[in-house]
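Take a look at the structure below.
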Amino acid sequence: MDTNLEKYARLIVKTGLNLQPMQILVIFSPIECAQFTRLVAQTAYQEGAKDVIIQWQDELFSKIRFLHAPEEVFLHFPAWQKKFYLSYAHQGAAFLSISASDPELMKEINPEKIITAQKTRAVALQEYRERLMSNRNTWCVVSIPTVSWAKKVFPDLNNEDAVTKLWDAIFRTVRVDTENPEDAWDEHKANIKRRLSVLNSLSLKSLHYKNSLGTDLKIKLPENHLWLGGSETTPTGIEFIANMPTEEVFTLPDKTGASGTVVSSRPLNYNGNLIEDFSLQFEEGRIIQYSAKKGYETLKHLIETDEGSHYLGEVALVPYDSPISNSEILFFNTLFDENASCHLAIGKAYPVCLENGDNLSKEELESFGANDSLVHVDFMIGTSDLKISGITTEGKAIAIFSDGNFAF
């Protein structure tokens, strides 16, 4: 375990963040993950970090606050916190987020209060978020087990065994179980780049999704879209991995180009609430109708965050026959579940998925069909029988997915 923890910490610093000499690292970490977070910080210093700043997060206190604080509290975001994010972003800091929350911790909380807090935060941190989505700062999201999360994934095991089993699963998905994880990631990135090369050469103008769950959705793609995946690159040429693990290739849809119905294939953990068995109906890109067997109010508040949250911002392809999917583990954590399944995202599009998109103004991005929103939330739609067909700009029909996997 100690060896794997050290390998994982080094992988995050060297490959995930690709931390540069004398660069500042900012870590957002649950307090339950303190031991591993300190190991990452120590590794960063050993690799030449100028400084490491840790912002601890306490989801149990957050629940107490949501239960007892007056609603007006969630309408204000402290100026000092906004300054914290932006000051380090402007200094070129790298940002690491450790995602390890209890999937149902907030089920007793009024979803409207949580959405209000999130919207307030999103408005205040809009510049920071846009810097990360444009890759102006290197960033990475990883995860490690907590007891509450592990017990949700493996409810039949005792606490210790559940945590151990979740550690094993995480080590496999991020390739820490290999002799040299950094070499394994180099090979993985190369494989994804080969698939990207094919997709970017096709000049697709639309995709059509169909499966037995009821998904029948057509999505138009902008003329100058780019498929990305595996690794990201800053404007200065620094390569990094935004999500570990990652199995997806992704691009952005034309904001007004989605029509039809899409049905979820896995639960969505959103703000400590699970949304299950939900479907969305689109017309001219906009969500016009939706339903959910569980978590309807949470879904409703997500979609109604702003005008942009009624539209899609990402199209991502993940083969059903992939490492995380083949583990047959439902993680209840989007970082993992989105890499086991084709998915879409409600909300803001990544500017870097357009040619020269990171240099375009907000108005220019909109003119090219890129959606803008305060949120960006992935939800899973992949199944073993998913079929995706594409139409090229020349009108040629091409099979993209067959029986849940790439057709090429």
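Exactly one residue out of ALA150, ALA190 is part of a helix (DSSP H, G or I), in contact with a helix residue (DSSP H, G or I) (Cβ under 8 Å, 6 or more places away or on another chain) and outside the structural domain of ILE219 (by TED's automatic domain parsing), and it is ALA150.
Do the conditions hold for ASP403, that is, is it acidic (Asp, Glu), surrounded by fewer than 19 Cβ atoms within 10 Å (Cβ to Cβ), within 27 Å of ASP321 (Cα to Cα) and touching a Lys or Arg at 6+ places or on another chain (Cβ under 8 Å)?
Yes; evaluated as a whole, the condition is true for this residue.
Taking the numbered list (1) touching a Gly at 6+ places or on another chain (Cβ under 8 Å); (2) in the same structural domain as GLY369 (by TED's automatic domain parsing) in turn, SER264 passes all entries but (1). Taking segment 34-61 only, how many residues are in contact with a helix residue (DSSP H, G or I) (Cβ under 8 Å, 6 or more places away or on another chain) and hydroxyl-bearing (Ser, Thr, Tyr)? Going through segment 34-61 one residue at a time, the tally reaches 1. Pairing each residue of segment 185-206 that is buried (at least 17 other Cβ atoms within 10 Å of the Cβ) with any residue that is part of a helix (DSSP H, G or I), provided the two are 6+ apart or on different chains, yields C-beta distances under 6 Å for TRP185/THR15.
Can you name the residue in segment 274-312 that is closer than 24 Å to MET106 by Cβ and among the small types (Gly, Ala, Ser) and is also surrounded by the fewest Cβ atoms within 10 Å (Cβ to Cβ) among such residues? Looking at the filtered set, the residue picked out is SER291.
With respect to ASN243, is the statement that it is crowded, with 16+ Cβ neighbours inside 10 Å, of a type outside the set (Ser, Thr, Tyr), in contact with a Lys or Arg (Cβ under 8 Å, 6 or more places away or on another chain) and in contact (Cβ under 8 Å) with a residue 60 or more places away in the chain true?
So ASN243 fails the test.
Could you please find all residues in segment 150-177 being among the basic types (Lys, Arg), farther than 20 Å from CYS140 by Cβ and surrounded by fewer than 18 Cβ atoms within 10 Å (Cβ to Cβ)? Hit for segment 150-177 is LYS165, nothing else.
If you go through segment 129-145 and keep only what is crowded, with 20+ Cβ neighbours inside 10 Å and either more than 22 Å from the chain's Cα centre (by Cα) or not hydrophobic (A, V, I, L, M, F, W, C) (or both), you end up with ASN135, ASN137, THR138, SER143, PRO145.
Every condition in (1) out of contact with any Leu (no Cβ under 7 Å at 6 or more places or on another chain); (2) under 27 Å from GLY229 (Cα atoms); (3) not small (Gly, Ala, Ser) holds for LEU312 except the one numbered (1).
The values are calculated or read from the model by the stated rules, or taken from the named source; none is laboratory data. Just so you know, these numbers come straight off a predicted model, no measurement behind them. Cβ sites come from the backbone with ideal geometry, for glycine too, and all protein chains shown count toward neighbours.
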